[in-house]
Amino acid sequence: MPDTRVSPQALIEEYTRDRPRSRAAFERASRVLPGGLTHDVRAFTPFLPYIARAAGARKWDLDGHAYVDYAMGHGALILGHAHPAIVEAVARQVALGTHPGANHLLEVEWAERIRSLVPGAELVRFTSSGTEATLLALRLARAATGRPKVARFQGHFHGWHDAVVRGQSPPWDDLPPGVPPSAERETVVLPADLAAAERALRDDPEIGVVIVEPSGASWGTVPLAPGFLAGLRALTAERGVCLVLDEVITGFRWAPGGAQQRYGIRADLVTMAKIVAGGLPGGAVAGRRDLLEPVGLPGDARGRVPHPGTFNANPLTAAAGTACLDLVADPAVQRGCDRRAADLRAGLNEVLRRRGIRGAAYGESSTFHLAFDPRIAPGEPASLAALSAEELKRERRRPLQAALSLAMLLEGVHLFTLGGFLSTAHGEAELAQTVDALDRAVERCEGLLPR
Ligand SMILES: Cc1ncc(COP(=O)(O)O)c(C=O)c1O
């Protein structure tokens with residue numbers, strides 16, 4: 001057997017040598033794009049591959065390398081890349097015009113689909129992204145309660161606008177450059193702990209809205225304690241505080257009706273993006289009629305909440321979203337993805353156990369995460385309880401995780417922040433390839449991962 005163990009530097013050199021076209025593209029990008037990038041999460045040493053095309057569960061880079069994809073449109077593509085029904089719907093619509101500058105039937109059909117799937121979606125308002133959806137939801141909640149403050153949980157991700165950017169990553173209280181000091185007063189950052197939430201709501205009557213990722217921070221990187229969501233629902237209801245469930249990831253993935261359906265809880269407002277828009281840019285806020293009605297009031301009405309947006313419910317996205325929701329309405333979609341994700345987590349844990357690596361695969365629904373730490377028993381997700389929220393969140397930044405991600409790319413698997421999303425296109429072959437890839441990647445990273 002050849003010795004495949006290499007240092008991180010050697011991994012970088014091998015990866016760069018085999019990807020001359022991606023390297024040239026990154027050098028070109030660095031001259032016109034800050035950091036050569038278009039999204040913070042794509043920062044990667046030396047660079048992520050430049051993708052030429054994608055289909056199903058796979059994608060191919062400019063240099064001809066194939067990858068099993070777990071980024072899956074940052075969670076948007078539960079039906080896989082370029083699903084025929086979505087390609088057909090978008091192709092049909094593009095020839096009919098991309099922006100009528102007036103009403104169109106697809107926006108109505110799309111909203112009707114959401115209403116039929118999402119519990120409590122009495123009305124729906126479309127946005128162009130998840131960030132815009134959480135921005136609008138917070139504005140609607142403040143308008144209704146007349147209270148200015150937002151409570152959010154450490155590490156939970158709700159996009160990048162001023163009200164939610166503080167508290168996203170440790171140190172939780174840092175105010176990133178460019179965010180006005182008013183955000184510090186108006187955003188209360190809490191640990192995901194019911195007692196802390198209760199204290200905050202009791203002591204600060206200016207808090208009018210609580211926003212939460214129902215999966216726990218960053219699609220379940222930091223899971224929530226059992227009963228947390230139900231407890232939060234009761235606490236907010238008692239105090240007339242609006243509960244916003246940010247279902248940008250969990251919507252139509254955790255169940256056809258999202259986390260609300262899976263966990264049997266009911267929010268006041270739900271924010272959506274990604275799957276709701278069928279892989280195109282788009283988002284939505286849905287929920288209580290009385291909370292959403294103020295965006296629909298006539299221009300001069302008192303209490304109207306302004307919400308323009310050139311590309312809200314644009315017909316291309318509406319076509320993709322409607323086609324996608326028609327398919328994900330069948331719970332067999334989520335059940336199948338969940339089952340294969342559970343199989344994948346088990347397969348990855350088996351590799352870690354066999355190799356004695358102190359790490360574990362974990363996650364809920366059709367997602368998985370990998371964490372490594374000397375306190376984790378090899379392949380035993382239960383031992384993750386020893387890690388704090390901060391540690392779980394930081395996990396992804398360590399150099400050894402970057403080396404493992406790079407080794408996985410060399411083995412033909414693109415992880416998304418050391419984990420990923422499954423789709424209906426991920427079958428037995430992709431799962432087996434991923435488990436084998438981890439086995440070889442762990443070997444390549446020998447000496448870096450804790451034993
Ligand atoms: C839970 C959650 N909320 C909001 C957002 C922001 O969505 P967008 O990237 O479409 O602005 C994301 C994006 O990943 C998310 O995961």
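Considering each of PRO214, PRO191 in turn, give the residue that is under 30 Å from LEU370 (Cβ atoms) and surrounded by fewer than 20 Cβ atoms within 10 Å (Cβ to Cβ).
PRO191
Among (1) more than 14 Å from the ligand (Cβ to nearest atom); (2) not in a strand (DSSP E or B), there is one condition ALA286 misses while meeting the rest; what is its number?
The one condition ALA286 does not meet is (2).
Scan (1) modelled with pLDDT of 95 or more; (2) over 23 Å from ILE207 (Cβ atoms) for the single condition LEU269 breaks and write down its number.
The failed condition is (2).
Look through region 116-134, keep the residues that are under 21 Å from the mean Cα position of the chain (by Cα), in a helix (DSSP H, G or I) and surrounded by fewer than 23 Cβ atoms within 10 Å (Cβ to Cβ), and return whichever of them is farthest from the ligand (Cβ to nearest atom).
Step by step, filter region 116-134, then rank; the result is LEU117.
Mind checking which helices (runs of 4 or more DSSP H) fall wholly inside region 161-249 and carry at least 1 residues that are within 16 Å of the ligand (Cβ to nearest atom)?
162-165, 217-220, 228-238
Quick check on region 37-57. Is at least one of its residues charged (D, E, K, R) and surrounded by 16 or more Cβ atoms within 10 Å (Cβ to Cβ)?
no
Of everything in region 165-208, what is in contact (Cβ under 8 Å) with a residue 40 or more places away in the chain and touching a Gly at 6+ places or on another chain (Cβ under 6 Å)? Give them in sequence order.
Answer for region 165-208, where residues must be in contact (Cβ under 8 Å) with a residue 40 or more places away in the chain and touching a Gly at 6+ places or on another chain (Cβ under 6 Å): just LEU194.
Within region 143-164, take every residue that is among the β-branched types (Val, Ile, Thr) and surrounded by 21 or more Cβ atoms within 10 Å (Cβ to Cβ) and give me the one that is farthest from VAL295 (Cα to Cα).
Taking the candidates together, the pick is VAL164.
Within the bounds of region 182-189, is there any residue that is over 24 Å from the mean Cα position of the chain (by Cα), closer than 30 Å to SER365 by Cβ and hydrophobic (A, V, I, L, M, F, W, C)?
No; the residues of region 182-189 include none that is over 24 Å from the mean Cα position of the chain (by Cα), closer than 30 Å to SER365 by Cβ and hydrophobic (A, V, I, L, M, F, W, C).
Out of all the residues in region 281-304, which are in contact with a Leu (Cβ under 6 Å, 6 or more places away or on another chain) and among the hydrophobic types (A, V, I, L, M, F, W, C)?
Of everything in region 281-304, those that are in contact with a Leu (Cβ under 6 Å, 6 or more places away or on another chain) and among the hydrophobic types (A, V, I, L, M, F, W, C) turn out to be VAL285, LEU291, LEU292.
Return yes when ARG345 is of a type in the set (D, E, K, R), assigned to a helix (DSSP H, G or I) and closer than 30 Å to ARG375 by Cβ and no when it is not.
Yes, satisfied.
Determine whether region 147-154 contains at least one residue that is within 16 Å of the ligand (Cβ to nearest atom), assigned to a loop (DSSP other than H, G, I, E, B) and under 18 Å from the mean Cα position of the chain (by Cα).
yes
Please find, among GLY97, GLY73, the residue that is away from the ligand (no atom under 14 Å from the Cβ) and touching a residue at least 24 places away in the same chain (Cβ under 8 Å).
Only one candidate passes the filter, namely GLY97.
Listed residues PRO306, PRO298, PRO294; which is part of a loop (DSSP other than H, G, I, E, B), in contact with a helix residue (DSSP H, G or I) (Cβ under 9 Å, 6 or more places away or on another chain) and surrounded by fewer than 24 Cβ atoms within 10 Å (Cβ to Cβ)?
PRO306
I need the full set of residues from region 7-47 which are more than 21 Å from TYR67 (Cα to Cα) and at pLDDT below 90, in order please.
Passing the criteria: only SER7.
Report whether or not ALA141 is over 22 Å from the mean Cα position of the chain (by Cα), closer than 27 Å to THR317 by Cβ and not in a strand (DSSP E or B).
Yes, satisfied.
If I go through region 372-382 residue by residue, how many of them are in contact (Cβ under 8 Å) with a residue 60 or more places away in the chain and either part of a strand (DSSP E or B) or under 27 Å from VAL333 (Cα atoms) (or both)?
Residues flagged as in contact (Cβ under 8 Å) with a residue 60 or more places away in the chain and either part of a strand (DSSP E or B) or under 27 Å from VAL333 (Cα atoms) (or both) within region 372-382 amount to 1.
Please count how many residues of region 252-267 are over 17 Å from the mean Cα position of the chain (by Cα) and surrounded by 24 or more Cβ atoms within 10 Å (Cβ to Cβ).
Residues flagged as over 17 Å from the mean Cα position of the chain (by Cα) and surrounded by 24 or more Cβ atoms within 10 Å (Cβ to Cβ) within region 252-267 amount to 1.
Limited to region 383-441, what total is found for residues that are within 22 Å of the chain's Cα centre (by Cα) and part of a loop (DSSP other than H, G, I, E, B)?
The number of residues fulfilling the criteria is 13.
Restricting the first residue to region 13-38 and requiring it to be in the same structural domain as ASP61 (by TED's automatic domain parsing) and of a type in the set (S, T, N, Q), which pairs with a second residue that is surrounded by 14 or more Cβ atoms within 10 Å (Cβ to Cβ) and assigned to a helix (DSSP H, G or I) meet a Cβ separation below 7 Å and a spacing of at least six or different chains?
These pairs meet every condition: THR16/ARG23; SER30/GLY36.
The values are calculated or read from the model by the stated rules, or taken from the named source; none is laboratory data. Note that the structure is a prediction, hence the values are computed from the model and not measured. A quick note on method: Cβ atoms are made from the backbone with ideal geometry, for glycine too, and the neighbour counts reach across all protein chains shown.
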